[in-house]
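Everything below concerns the one structure shown next.
The values are calculated or read from the model by the stated rules, or taken from the named source; none is laboratory data. From a predicted model like this one, the values you see are computed outputs, not experimental measurements. Neighbour counts run over all protein chains shown; Cβ positions are idealised from the backbone, glycine included.
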Amino acid sequence: MQWIISANVAKQFISQGATILDTRNQLAYLIEHITGAVHVTWQQFSQTEKSHRGKLLEDGNLLEKKLRKVGVFNSKPVIVIGNPPHNFGEEGRIVWMLRTLGHQKTAFVNGGYNALVKAGVATSRGFHCSQEIGDFVVNRTDCWEIERDILRAKLSENKLTVIDTRQKQEYTGATPYGEQRGGHIPGAVHFYFKDLMDSEGNLLKPEEIITKLEVLGIHCETPVVTYCTGGIRSAFFVAVLVNLGFFDVKNYAGSMWEWSASPCEKYLLRL
């Protein structure tokens, strides 16, 4: 199962009883959502300490409990819904999280909620709580995530390409989301995550994305690390790259909340 699927493919999985997780804001969810979808936020599964709030909870048992509560099973596909281009890629974050925790059958819908509605998937109003408690067991992998100290070491060895997926003004020094310092990781190239999609939130054609990456010197075999403020937009970026066939791409979930809290000034560059 790919990390990103079309609305029509998602519709088939939904008709077969897939778990549906909706990452849109709560008001949008209450007004209307795909029938059977459970509302989730990335914060539910992340640490609360200010400088580490982009990182997943370390307690695997707690993660299992939270994911089982929203109906995640080991064997049942999980379809994640977002609201592109009007969000921060939360659907990509949830898919990245589940893949990192060992769930192999999870994907988000290209085009998000609107694409599913256009495909004729039934909708409902109000809250929906999962009727079943899942049985998901965490089996964490480091295939798609990287920690700060390992990233630092690899930067000093010049062994990877780092992509800053934030807006340009953040890359050049703005701190709109509570970062302790502004700037970007030295050597990082800029590629705003929303430039992966069109104005309606549909991903660009694979060849268009690959062309944009090649302009930056990034190819399928290039080791890549993505980051943003708290590992949300960058997780979306990872999902896209993995779906394109990139085999060495990792999300730095700590991102600028953690990186900018480091006392090592040499590890931050401001333009």
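Annotations for the structure displayed:
- Matching residues in the range 223-258 - criterion: being part of a loop (DSSP other than H, G, I, E, B) and either free of Cβ contacts under 8 Å to residues at least 24 places away in the same chain or of a type in the set (Gly, Ala, Ser) (or both): Gly230, Gly231, Gly245, Ala253, Gly254
- Residue that is surrounded by the most Cβ atoms within 10 Å (Cβ to Cβ) [pool: residues in the range 199-215 that are without any contact (Cβ under 8 Å) to a residue 40 or more places away in the chain and assigned to a loop (DSSP other than H, G, I, E, B)]: Leu204
- Residue within the range 113-132 that is outside the structural domain of Gly230 (by TED's automatic domain parsing), of a type in the set (Asp, Glu) and at pLDDT 95 or above present: no
- Matching residues in the range 45-70 - criterion: being of a type in the set (Lys, Arg) and either part of a loop (DSSP other than H, G, I, E, B) or in the same structural domain as Glu179 (by TED's automatic domain parsing) (or both): Arg53, Lys55
- Restricting the range 164-174 to residues that are assigned to a loop (DSSP other than H, G, I, E, B) and in contact (Cβ under 8 Å) with a residue 24 or more places away in the chain leaves a set whose member that is nearest to Asn243 (Cα to Cα) is Thr165.
- Verdict on Thr165 being of a type in the set (Ser, Thr, Tyr) and in contact with a Lys or Arg (Cβ under 8 Å, 6 or more places away or on another chain): yes
- Here Pro85 meets each of (1) at pLDDT 95 or above; (2) surrounded by fewer than 24 Cβ atoms within 10 Å (Cβ to Cβ); (3) over 15 Å from Asn139 (Cβ atoms) with one exception, condition (1).
- Pick from the range 102-140, criterion of a type in the set (D, E, K, R) and surrounded by fewer than 17 Cβ atoms within 10 Å (Cβ to Cβ), ranking: nearest to Val9 (Cα to Cα): Lys118
- Taken together, the residues in the range 71-93 that are part of a loop (DSSP other than H, G, I, E, B) and of a type outside the set (Lys, Arg) amount to 14.
- Selection status of Thr165, of a type in the set (Val, Ile, Thr) and either at pLDDT below 95 or over 24 Å from Glu49 (Cα atoms) (or both): no
- Considering (1) more than 23 Å from Leu203 (Cβ to Cβ); (2) not assigned by TED's automatic domain parsing to the domain that holds Ala28, the lone condition that Gly102 does not fulfil carries the number (2).
- Pro186 being touching a Leu at 6+ places or on another chain (Cβ under 6 Å) and either in a loop (DSSP other than H, G, I, E, B) or free of Cβ contacts under 8 Å to residues at least 12 places away in the same chain (or both): yes
- Failed criterion for Ala261 (all others in (1) over 25 Å from Val109 (Cα atoms); (2) part of a strand (DSSP E or B); (3) among the hydrophobic types (A, V, I, L, M, F, W, C) hold): (2)
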